[in-house]
Amino acid sequence: MIVSSEPNVFNQKLQGQSWSQMAASTSDVVVGVALISDRNETFRMRETLSLVYNDFCRRHLCKPLVDILGNFSDPDVEESCLQMILEPYLSFSTSKWADCSLREQELQFSDISGTQLMQSLPPVPLALLFVTLLLEQKVVLASSRRGMLMAASDAIMQLLKPLQWKHLLVPLVPESMMNDLVHYPAPFVLGIPTDEKKSSEILSALPEDVTLVDLDVGRVMLASEFVHDSSSTSSTAQSITRALRSQVLYLAESLGGTIGAAIDDSWASDSPLQVIPHDNNNKVDDFVSIRNICHDFILELLSGVYSCCLWIEEKCGEECTDANEPAIIFDEERFVGIKKLRAEGLHLPLFQDKQKNRSSSSEFCLGIDHFDLILEAFLRTQSLSNFISHGDKESMMFW
């Protein structure tokens, strides 16, 4: 055992009768260790506990670790003994972050978050989550691991780039606010810990327009209703929702197949250990592949957007001191026409070198015959409006 200093009393207890044998006659005995920090060091603490588990447990047999932790109940054992055991592991975990710049820490955090999400969801459910959020629906992430909820929330936002999530995002919802937030009228992403007292009741009675993502079992339960234009009649809205839901499931299955073919068998939501990206670059590379696939899909979805925009700006005279706010008009019919031509392979960019990912993104063209409702729903999203509003005047027609 590697320790920062030698705990003599503790070593004597280990050499005697094992704690698990002494406690065998006692029922309902629980032994464990928890790390607490006043800073956001979730991944450092998780990696530390994973390393401890890996060192002291063999083939999921935890008796050696149970004996070590159980001896801390003896009042004669050194009070600093647990710190002596954990200090080398904490130092090792800290060394990967301490000397890095904030940008490098951010990138490492993103890699860890992405790997955690990838291991919690198989390819098709992961693709279903991606498409659901792309259309800005209501999503609840559920897990007994709070670090997993934080990681999934961060990784999902990465997959949506270059688009930005412009709605409510609460990675960890306090128990007192759960019931109110799941009935929030606009799109949201909420992280609900399943070990809270009210969690089971709330998760079993979610509104019909909320998609539930169970990160502990790797399952996505798509909402039976979708957020849509309330101006439609009830019967029309129901038929549109059913058709849109079918298109989303079909697209998720196709996209999930592409993701599954690009990565190794990385789904391991039932593993008690954290796969550490620093020591397993293949896992990081797999998430980078997933991120690239999602990025190419979104690039294809956005192709031709600026050519459908008309920038209107009032010319200001010399006496005008206030800057005029330009208006942008978006031609939806032209956009749908471009999507149709691209699906048929008839609409190519004028300058091929201006689209570096043309060859990889062309396979994601959405045909109007199969995905018309998805394209229509995407046109109503805030992320698309935000993307258009941040475009340059030179990239659009202007008047």
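Beta bridges per DSSP, both residues in segment 129-226: antiparallel share near 20 percent.
What does the highest-first list of 125-136, 329-340 look like by mean Cβ count within 10 Å?
On the way: 125-136: 23.8, 329-340: 15.2.
Going by the mean number of other Cβ atoms within 10 Å, highest first, we get 125-136, 329-340.
With a Förster radius of 25 Å applied to the beta-carbon distance between D369 and E208, the computed FRET efficiency rounds to 0.30. Between E394 and S80, the simple spin-label model (points 7 angstrom out along Cα→Cβ) gives 6.4 nm. Pairs from the list K138/K197; K161/K393; K161/K197; K138/K339; K161/K340 with a Cα-Cα gap above 28 Å: K161/K197. Electrostatic bookkeeping for N179 treats Lys and Arg as +1 and Asp and Glu as -1; over the other residues with beta carbon under 14 Å from its beta carbon, the sum is -2.
Surface analysis of segment 51-192 yields an accessible area of 43 Å² per residue, using protein heavy atoms and a 1.4 Å probe.
Round to a whole number: what % of the accessible area of segment 158-253 belongs to carbon and sulfur, probe 1.4 Å? Heavy-atom surface of segment 158-253 belonging to carbon and sulfur, 1.4 Å probe: 51 percent.
Each residue, W97 and Y53, gets one label point 7 Å from its Cα in the Cβ direction; the gap between the two is 1.8 nm. A protection proxy built from the mean count of other Cβ atoms within 10 Å ranks the segments 296-305, 151-160, most packed first, as 151-160, 296-305. Each peptide in 194-206, 375-387 was scored by the mean count of other Cβ atoms within 10 Å over its residues; highest first, the order is 375-387, 194-206.
Look at where the Cα atoms of segment 52-109 and of segment 122-169 average out, and the two centres are 30 Å apart.
The values are calculated or read from the model by the stated rules, or taken from the named source; none is laboratory data. It should be emphasised that the depicted structure is a prediction, and the values quoted were computed from it without experimental measurement. Please note: Cβ atoms are built from the backbone with ideal geometry, for glycine as well, and neighbour counts cover all protein chains shown. Just so you know, the surface numbers come from the protein's heavy atoms only, side chains and all, with ligands and any DNA or RNA stripped out. Shrake-Rupley method; radii C 1.70, N 1.55, O 1.52, S 1.80 Å.
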